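Note sheet for the following structure.
None of the figures in this text is laboratory data; all of them are computed from the coordinates on show. Please read these numbers as outputs of a predicted model, since none were measured by experiment. When we count neighbours, we look across all protein chains shown, and the Cβ atoms used for this are built from the backbone with ideal geometry, even at glycine.
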Amino acid sequence: MSLFEIIYAGSNAALGLAEQTVASAVAEKGKDHKVAFPGTAYSLPVIFAATGLKINTLGDLETALGVVKSLIVEEEDLGKALNAGLSTAVSAEIIESVKYALSDDPYADEPGIGFVPDPIIRSLGVPLVTGDIPGIAVILGECDSRDELAAIVKDYQSKGLLTFLIGKTVDQVMESDVKVGLEFRVIPIGYDVTAVIHVVSVAIRAALIFGALKPGDLPGLIQYTKERVPAFVNTFGALNEVVVSAGAGAIALGFPVIADIDVPEVPGALIAQKDRSLTVKTSLEARGIKIKVKELPIPVAFAAAFEGERIRKESVYAEFGSKRSKAWELVNMKSMDEVEDHKIEVIGPDIDSMDPPVYLPLAMIVDVAGKNMEADFEPVLERRIHYFVNYIEGVMHIGQRNIAWIRIGKDAFEKGFRLKHLGEVLYAMMHEDFGTVVDKVSVKIITDKAMVEELEQSLALPKYKARDERLAALTDETVDTFYSCKLCQSFAPSHVCVITPERLGLCGAVSWLDAKATKELNPVGACQPIAKEGVEDEEKGIWTEVNKAVDEASQGAVTRVSLYSILEDPMTSCGCFECICGIVPEANGVVVVNREFADVTPVGMTFGELASMTGGGVQTPGFMGHGRHFIGSKKFLKAEGGIARIVWMPKDLKDDVRIRLDAAAKELYDIDNFTDMICDETIATDVEEVINFLTEKNHPALDKDPIM
Ligand code: SF4
Ligand code: ZN
């Protein structure tokens, strides 16, 4: 059979299976039975994106089968063959959706997670745009060498890629010593080949969420995934016609397929690589993914993929901080002649000087010096300590400043990890990430109890205090420069964040100080200064220069922004926002919902549904994505009356922002414990009941002018 014939045979086979699946589900449950994937605002995302159709019932799936048929036109033509590949994707989505229609959790009995909900995709936005996750590998089939497969997955992991497993490879990888889970960037999806659609669905929703693509714009969709989603497919073992046809679908979306058997090659798209020691290299080259490798002089691996690794109690070799001891960390700016580059000192007992479990106090002091270094950058560098330490395989870091908590696992100890290696990592990574501001770095790791305590009092605490005072004094009024950030433009082409001291980037990861440091690190990079000039309206936060900067950075897509308003020219959203704010007209205020909250809010929508109302760099009055920290700001919704408009938030979010929010409300309105006046899901989610609660609490929103 020719490649074309194989693809069409596969598409027809998938269609046949989809038809059967739908027919038997309809026979069992009736046409009106509900069909939905959990945790998405995009119905059946592939069908929705490709056609604009929202599928709600088994009956609707019959219409979707018509779409599949229309995509299969059996001619010896590459374009038609790729369309047939897409039809296989649609068939797979139909089949998988029926699984969810017939069972609440069809993946309960297998290690795969099946459908990937929207919030996970949103959380991947920032790591993907920063290149922290440089690519996405989709692994399919069954490899005849488990060890070689494991080596490939580990290699992707150490390079920071996100790997999805489908088919027998799920078990093969899970039986090996590869660490698996979202936190390790290795995600088992499912055993059936149709489960591959859950990965395709991730790529397609990225286009809808970040790219603001119009449903039904198939060419736009294909262009987006081709240009912006750095995915590729590795298949292992023999390929049946359905897999080949699904592979054609992947190729249609711009994802090259690398097989470990002989296949008729299509340059750049379908590639045979039988030498599995070259699979990774061939794949990365085919998709144009470049990796910065970091080799550190430590006995364990070091990669962003280990960030989420937890060391459980049974596996602890040594622990610092938490209940048993004190642990703190500090980046300390010094003059050039006070710092000896690469001096790493361990002062006090090392972890091999006593029997485990080792409990010691710890101080990590990173002294830095550099011509372009500023005291303002100290906290920016210091916050990275958390990541650098977490990236070490077998080491866990939680907290910051003097509430740090570090665990070193038994495995890491056995491989030879000692305290000086913490110093090596901090030394190398400070140079690596902050090379343009630090010229010299030295590290002190102190475990001597008296010294840890003495230096905390004399050095660390006064530093933290001075920084807090600086931050508190840092308001939008006290600076003459704001910053733009357009890092997310690789996914949301016209989105620009304007970052001010009181309004951080909506991802929560870029504060004004971060933006300032980023500018210093890379003068032509993603963050650029905006002179705070030409004030047009201080209440709404409108400056002529800000408008100009946004106009330019968005290539004319957005010409005016009100920094403090949700209704008039609000700031755009990319998609990776920590929280979404939406108006509840009945309660004369807004709800604020964090990404982690999965249930329905008083506006009748989940976070995901609310989030889908905005994004892709488009202004949507009434909806606004923002960072958590913005909630306690005096500039939050200032134009509409400020934080007094917040009427409902999930309980976890309330608890998280309470201290700052209460302080701001006290200052703005002389109200005590304002957070307690805000309703949450443990009190009510029905609008009427929410209003009753607000009335009972005498919530200030009720006395304000109508919000719309
Ligand atoms: Fe993206 Fe804005 Fe965060 Fe920059 S500040 S990374 S543009 S969300
Ligand atoms: Zn973003």
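Remarks
- For residue 440, the lysines whose Cα falls under 16 Å of its own Cα, not counting residues fewer than eight places away in the same chain, are 334, 343, 371.
- By the rule of a C-alpha distance below 16 Å, with chain neighbours fewer than 8 residues away ignored, the aspartates and glutamates paired with residue 516 are 374, 376, 378, 382, 433, 476, 480, 502.
- Segment 1-150, Rg to Rh (Cα coordinates; Rh as Kirkwood inverse mean 1/r): 1.00
- Residue order for 624, 451, fewest other beta carbons within 10 angstrom first, comes to 451, 624.
- Estimated D of the chain in µm² per second, where Rh is the Kirkwood radius over Cα pairs and Stokes-Einstein applies at 25 °C, 0.890 mPa s: 90
- Set of lysines with alpha-carbon distance to residue 179 below 23 Å, sequence-local pairs under 8 removed: 154, 159, 168, 281, 292, 294, 313, 410, 415
- Descending semi-axes in whole angstrom, ellipsoid equivalent of segment 265-340, from the Cα gyration tensor: 42, 22, 11
- Taking label points 7 Å from Cα along the Cα-to-Cβ direction, residue 290 and residue 451 give a separation of 4.3 nm.
- Burial ordering of 503, 560, 276, fewest other beta-carbon atoms within 10 Å first: 560, 276, 503
- Stokes-Einstein translational diffusion, segment 629-708 - Kirkwood Rh over all Cα pairs, 1.306 mPa s, 10 °C, in µm²/s: 126
- Remark: 628, 470 ranked as 470, 628, counting other beta-carbon atoms within 10 Å and listing the fewest first.
- Label sites at residue 618 and residue 372, each approximated as a point 7 angstrom past Cα along Cα to Cβ, lie 3.8 nm apart.
- Couplings 3J(HN,Hα) of segment 400-415, computed from phi: 6, 6, 9, 10, 5, 8, 10, 10, 10, x, 4, 4, 5, 4, 4, 6 Hz, in residue order, whole Hz [Karplus 6.51 cos²θ - 1.76 cosθ + 1.60, θ = phi - 60°; x for Gly and Pro].
- Within segment 118-287, all pairs of alpha-carbon atoms sorted by distance into 10 Å bins from zero give the percentages 10, 42, 37, 10, 0.
- Counted charge near residue 228, where neighbours are those whose Cβ lies closer than 13 Å (Asp, Glu -1; Lys, Arg +1): +2
- Span from the segment 155-188 Cα centroid across to the segment 691-708 one, whole angstrom: 50
- Computed from label points 7 Å out along Cα-Cβ, the spacing between residue 436 and residue 352 is 4.1 nm.
- Centroid-to-centroid, using Cα positions, segment 621-668 and segment 82-121 are 37 Å apart.
- Spatial offset of segment 268-312 relative to segment 416-456 amounts to 27 Å, using the alpha carbon center of each.
- Mean Cα-pair separation over length for the chain, i.e. relative contact order, pairs under 8 Å, 6 or more apart, %: 10
- Cross-link pairs beyond the 26 Å C-alpha cut-off, checked among 326/465; 486/548; 290/486; 214/654: 214/654
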